[in-house]
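What follows is a short report on a single structure.
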Amino acid sequence: MAETTKFGVYDQENFSCKQTEEIPHCKNNGLQILFTGLSHDEKKLGFCLGKKKIKDETEISHIIIYKRNQKNKFVQEIIRDFEFHDACIQFTFNKGNTNELLFFTMVELFRFDYTDINKERQTVYTMTNVLVD
């Protein structure tokens, strides 16, 4: 579960709270959580951080990834600036490589390796029909 600046991890059987975390980058920079994604193996938790604008517009400014440690707690793995302002706020972890995130734009699906600062985004699929609101 995610609120605007913090998240919680709950037991699926008895709904007890296992972990709550304030994302310090949100509070310090006036950002909020726009989207939360969990990897298929449930070892990584990712957040798109940014600001909500007028008319339900949003802009991602950062992504932050938490990784499950040996004590079964999520700890921050990385925080990155996000320069792809044409991307939708929703993403998914690549099932074959959880260091990659998949994002849509109006014209393409691309993958982004958040661990390699020098690596460009790679187009996975180009739409024949542009996606429109």
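I need every pair where a residue in region 76-94 that is under 17 Å from residue 116 (Cβ atoms) has its Cβ under 9 Å from the Cβ of a residue that is of a type in the set (D, E, K, R) and loosely packed, with under 13 Cβ neighbours inside 10 Å, sequence separation at least 6 or different chains. Going by the 9 Å Cβ cut-off, the qualifying pairs are 93/41. Filtered by the rule that a residue be farther than 16 Å from residue 35 by Cβ and among the polar types (S, T, N, Q), region 53-93 gives 69, 70, 72, 76. Restricted to region 36-48, and to residues that are surrounded by fewer than 17 Cβ atoms within 10 Å (Cβ to Cβ) and free of Cβ contacts under 8 Å to residues at least 40 places away in the same chain, which residue is farthest from the chain's Cα centre (by Cα)? Across region 36-48, the extreme among qualifying residues is 42. Residue count for region 1-30, restricted to those that are part of a loop (DSSP other than H, G, I, E, B), over 17 Å from the mean Cα position of the chain (by Cα) and closer than 15 Å to residue 45 by Cβ: 1. Do we find a residue being modelled with pLDDT under 95 and hydrophobic (A, V, I, L, M, F, W, C) anywhere in region 113-121? Looking through region 113-121, at least one residue is modelled with pLDDT under 95 and hydrophobic (A, V, I, L, M, F, W, C).
Being within 15 Å of the chain's Cα centre (by Cα), at pLDDT 95 or above and of a type in the set (A, V, I, L, M, F, W, C) narrows it down to one residue among 84, 110; which is it?
Details: 84 fails: at pLDDT 95 or above.
The match here is 110.
Quick one: in region 118-133, which of the residues that are among the β-branched types (Val, Ile, Thr) and in a strand (DSSP E or B) is farthest from residue 49 (Cα to Cα)? The extreme case among them is 126. Residue 33 meets the conditions (1) part of a strand (DSSP E or B); (2) free of Cβ contacts under 8 Å to residues at least 12 places away in the same chain in every case but one. The failed one is (2).
Of all residues in region 5-35, those that are exposed (fewer than 15 other Cβ atoms within 10 Å of the Cβ), closer than 22 Å to residue 82 by Cα and either small (Gly, Ala, Ser) or modelled with pLDDT of 90 or more (or both) total 2.
Of all residues in region 87-118, count the ones that are closer than 16 Å to residue 63 by Cβ and loosely packed, with under 12 Cβ neighbours inside 10 Å. Write out each step before concluding.
First pass over region 87-118, keeping only residues closer than 16 Å to residue 63 by Cβ: 87-94, 97-105, 110-117.
Still in the running and loosely packed, with under 12 Cβ neighbours inside 10 Å: 97, 116-117.
Final tally of qualifying residues: 3.
Among the residues of region 65-117, those that are assigned to a loop (DSSP other than H, G, I, E, B) and within 18 Å of residue 130 (Cα to Cα) comprise 84, 85, 86, 87, 88, 89, 90, 105, 106, 107.
The values are calculated or read from the model by the stated rules, or taken from the named source; none is laboratory data. Just so it is clear, the model here is predicted, and its values are computed rather than measured. All Cβ positions, even for glycine, are placed from backbone atoms using ideal geometry, and neighbour counts span all protein chains on display.
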